Amino acid sequence: MTITESTTVADIASSFPSSVRVFQRHGIDFCCGGKTALAVACQEHGVPVADLVRAIEASARNAEPDDRDWNAEPLHVLIDYIEATYHLPLRDELPRLEAMAAKVSRVHGAKASHLARLEAIVSELSADLQSHMRKEEMVLFPAIRAVERGAGQPSVPLAAPIDVMEAEHDRAGALLSELRTITDGYITPVWACETFRALYHGLSELESAMHVHVHLENNILFPRALTLGGLVASSQ
């Protein structure tokens, strides 16, 4: 793949898995906002296109073992990876973050007024993501697995649940963006206690993981599943 100014960030992230770390370093959205052309993303973040392309090419030459090309893997393997790497840990992490957000807001809310909103966002995000994962695991992922193994088209076309999942990804992305804004990029005040610091660290880690999680679904799993579903439908 040749990277040009008009190549979308999502296409680059899909073709060069190691580029994800480059985009993360510069704060460039490669998941929900990944349809942006590279030139536009660079302009928005004050990064010369040529410099970013060189960094992406260098990352590809020095790819790490976990920089797996998910375009070359079977869809069920990618689904298994998403469930094990992102869904399972989230089920433990989200309640932990909720509990810390509630405690920090209760103890330090008088000093930092944004903590009430932070607690509300974390609670909403936790509920949304847990419901979202259940729908993927009970409806969408089994349907994709069925299409892949040749069991025919599902009763509801894949495009319908995928549209719903992408809309929910957008909402989660908006909540994460608001969290980053109201916390000034997760910079804790000098008086912050250990729980406060642990909360900000956990939310920052959640944001990074969610960006890759959503990228794998929006930019790789879902398009490939729709293509496969179309091929199966045309052959019937």
Ignoring ligands and nucleic acids, Glu44 exposes an accessible area, probe 1.4 Å, in Å² to the nearest 10, of 130
So for Met133, Met138, what's the accessible-area order with a 1.4 Å probe, most first? Met138, Met133
Exactly which trypsin sites (Lys or Arg not before Pro) in region 13-66 are in a DSSP loop and have at most 14 other Cβ atoms within 10 Å? Lys35
Taking the convex hull of the alpha carbon atoms in the chain, what volume per residue do you get, in Å³? 136
Label-to-label distance, nm, for residues given as Lys135 and Met1 (7 Å Cα→Cβ offset): 2.7
Using a Gaussian network for the chain with springs between C-alpha atoms less than 10 Å apart, which of these wobbles most: Asp92, Asp11, Asp80? Asp92
What's the long-distance tail for region 84-153, i.e. % of Cα pairs beyond 20 Å? 47
When only the heavy atoms of the protein chains count and the probe is 1.4 Å, how do Val122, Val107 rank by accessible area, highest first? Val107, Val122
Using only helices, what value at 222 nm comes out for the chain when you add -39,500 (n - 2.57) per DSSP H run of length 4 or more and divide by the total residues, to the nearest 500 deg cm²/dmol? -21000 deg cm²/dmol
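The values are calculated or read from the model by the stated rules, or taken from the named source; none is laboratory data. Treat the numbers as computed from the prediction; the structure is a model and nothing was measured. With ideal geometry, Cβ positions are generated from the backbone for all residues, glycine too; neighbour counts draw on all protein chains shown. Note: accessible area is taken over every heavy atom of the protein model, side chains too, but ligands, DNA and RNA are not part of it. Shrake-Rupley method; radii C 1.70, N 1.55, O 1.52, S 1.80 Å.
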